[in-house]
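First up is the structure itself, then whatever we jot down about it.
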Amino acid sequence: MTVGEVREALGWKAFHTADPDRRVTGGYAGDLLSWVMGRAGQDCAWFTIMSNQNVAAVALMADVACVVLTEGVEPDGDLLRRAEEKEVNLLGTGEDTYTAACRLHRCLT
Amino acid sequence: MKLYYDLHLHSCLSPCGSDEMTPGDLAAMCALAGLDVVALTDHNTCGNCAPFCRAAQAHGLLALPGMELCTQEDIHVVCLFPGLEEAGRFQRHVAEHLAPFANDPEIFGRQLYMDEADRVLGEEERMLAGSTDLPLEEVPALVSSFGGFAFPAHIDRSSYSLLGVLGLWDPSLGFPLAELSHRCPPEFTSRPDLAGVRFVTDSDAHYLDQVWGAEHSMEVPERTPQAVLAWLAGREKSETA
């Protein structure tokens, strides 16, 4: 499925969708950015509650398909600007990370 | 004597530091700002400290070499040392604990080594932006074993801060002092868990225009790195090694 299809199927919010046609192949959950950097798989949806601009840098570094801010977290201004500049898909949901990840899993299988 | 300080500054060696933060220009900016004691604290490295300290001394400033260490918990800790030799040994130790990634300058920014005349000496290829695998609880004793002093950085911020990550101040970690960002609201320090903690406020400047004027000061018996470190630690200088 693509980022756009996942977003639509699950009713998640789009803060910035630079590339809605990008394929999502799995998920990764984590909030310690440097931990995520080395572990999130390419093309996954990364679930986090962190909302500072470094999230965009880590998303690029790990080459994830999209970032999903959970628990209703809103991106701060710097993150939104960075996501727009660097073309990072940035989604959001009011669901907690576990729920969001389970829903993504059902969506992808 | 009263010394105006800024003990948390980044140079162009920090990936997120502006390339204009050359050791020479940063030192000149600190002097213009009216500061008396300054420290260079790049992310996970002391690699530009020697030229910065020389340039700052040439401007009549007292300069300490330092590092903003990122612990395995993504918590930033300012580590300051009495001299370049101690800082260099600490840096070699930290280098063994860096994450094994190469820096991508397109994403994180360049990591430039420069001399005090602003000549580029080279570029650090390892990624300095990530965390080390050093646990926070070991940092006070570790830094002390290299002759330095450590305090958690910008604890009022939500990211990369002790309170942001751990949620509460834990006195058993052994930090007598914490750093506040310049945006810290005044009521922040009346949190019950911060009772008894002393504070410093630094600029954490990543750009030249973020180096501010002389606002925060310390009272020390003499103008030496040892006296500054002792003041930070809350001890008399005679107690320092």
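The values are calculated or read from the model by the stated rules, or taken from the named source; none is laboratory data. Since the structure is predicted, the reported quantities are computational estimates derived from the model, not experimental observations. Cβ coordinates were reconstructed from backbone atoms using ideal geometry, including for glycine residues, and neighbour counts include every protein chain displayed. The protein model used for the area step is the full one, side chains on, heavy atoms only, and it has no ligands, DNA or RNA in it. Shrake-Rupley method; radii C 1.70, N 1.55, O 1.52, S 1.80 Å.
Tell me: how much accessible area in total is hidden between B and A, 1.4 Å probe, Å², nearest 100? Write out the running numbers ahead of the final one.
Details: alone 10280 and 5540 Å², together 14750 Å².
For chain B against chain A, roughly 1100 Å² becomes buried.
Percent relative contact order of chain A, based on C-alpha pairs within less than 8 angstrom and at least six residues apart?
On the way: 239 pairs, mean separation 33.8, N = 109.
Once divided by the residue count of chain A, the mean separation gives 31 percent.
Projecting the Cα atoms of B:226, B:114, B:164 onto the dipole axis of chain B, where Lys and Arg carry +1 and Asp and Glu carry -1 at the beta carbon, places B:226 farthest toward the positive end.
Heavy-atom accessible surface of the stretch A:3-108, averaged per residue, reaches 45 Å², computed with a 1.4 Å probe.
Restricting the stretch B:121-171 to GluC sites (Glu not before Pro) that sit in a DSSP loop and have at most 15 other Cβ atoms within 10 Å of their own Cβ leaves B:125.
Derived scalar couplings between HN and Hα for the stretch B:17-24 equal x, 4, 5, 7, 7, 6, x, x Hz in order, rounded to whole Hz, by the Karplus curve 6.51 cos²θ - 1.76 cosθ + 1.60 (θ = phi - 60°), x for Gly and Pro.
Sticking with the crude label model, points 7 Å out along Cα→Cβ, report the distance from residue A:49 to residue B:119 in nm, one decimal please. Distance between the two pseudo-spin positions: 5.2 nm. Close amide-amide hydrogen proximity is noted between residue B:203 and B:7, B:8, each under 5 Å apart and 5 or more residues distant or on a separate chain (H modeled in the peptide plane; Pro and chain starts excluded). Ordering A:60, A:72, A:102 by Cα displacement along the dipole of the stretch A:49-109 toward the positive end leaves A:102 in first place; charges were set at the Cβ atoms of Lys, Arg (+1) and Asp, Glu (-1). Charge dipole of the protein assembly as shown (Cα centre as origin; +1 on each Lys and Arg Cβ, -1 on each Asp and Glu Cβ, all else neutral): 320 debye, rounded to the nearest 20. Put a dot 7 Å past the Cα of residue B:58, heading toward its Cβ, do the same for residue B:222, and the two dots end up 2.7 nm apart. Among the trypsin sites (Lys or Arg not before Pro) within the stretch A:40-109, not one is in coil by DSSP while having at most 11 neighbouring Cβ atoms inside 10 Å. Taking the accessible area of the stretch B:2-239, probe 1.4 Å, and keeping the other protein chains in place, the carbon and sulfur fraction comes to 50%.
Scalar couplings 3J(HN,Hα) for the stretch B:106-116, obtained by applying the Karplus form with A = 6.51, B = -1.76, C = 1.60 to θ = phi - 60°, are 5, 8, 9, x, 7, 10, 9, 8, 9, 9, 6 Hz; x denotes Gly and Pro. The trypsin sites (Lys or Arg not before Pro) of the stretch B:113-203 that meet both conditions, a loop assignment by DSSP and at most 13 other Cβ atoms within 10 Å of the site Cβ, are B:119, B:183.
Near the amide H of residue A:43, within less than 5 Å, lie the amide hydrogens of A:64, A:65, all on another chain or at least 5 residues away, with H placed in the peptide plane. Interface burial in the stretch A:39-83, defined as at least 10 Å² less accessible area with all protein chains than with the chain alone at a 1.4 Å probe, covers A:50, A:52, A:54, A:57, A:60, A:61, A:82.
Taking the solvent-accessible surface of protein heavy atoms with a 1.4 Å probe, what is the per residue accessible area of the stretch B:63-126 in Å²?
Per-residue value: 43 Å².
In percent, rounded to a whole number, the relative contact order of the stretch A:1-59 is 30, using alpha-carbon pairs under 8 Å and six or more apart. The stretch B:28-102 and the stretch A:38-98 have their alpha-carbon centroids 31 Å apart. Of the peptides B:27-33, B:61-67, the order by per-residue mean of other Cβ atoms within 10 Å, starting with the highest, comes out as B:61-67, B:27-33. Only Cα pairs under 8 Å and 6+ residues apart enter the sum, and on that basis the relative contact order of chain B stands at 24 percent. Each residue of the stretch A:3-19 was assigned a 3J(HN,Hα) from its phi angle through the Karplus curve 6.51 cos²θ - 1.76 cosθ + 1.60 (θ = phi - 60°); the sequence is 4, x, 5, 4, 4, 6, 4, 9, x, 7, 7, 9, 7, 7, 10, 6, 9 Hz, with glycine and proline shown as x. A Förster distance of 22 Å, applied to the separation of the beta-carbon atoms of residue A:76 and residue B:210, puts the FRET efficiency at 0.75.
Quick check on the protein assembly as shown: of the DSSP beta bridges with both residues there, what percent are antiparallel, nearest 5%? Around 45 percent antiparallel, to the nearest 5. Would you please classify the overall shape of the stretch B:57-127 from the alpha carbon gyration tensor, given that a ≥ b ≥ c denote the square roots of the eigenvalues, rounded means a/c under 1.5, and beyond that prolate means a/b larger than b/c while oblate covers the rest? Verdict is oblate for the stretch B:57-127.
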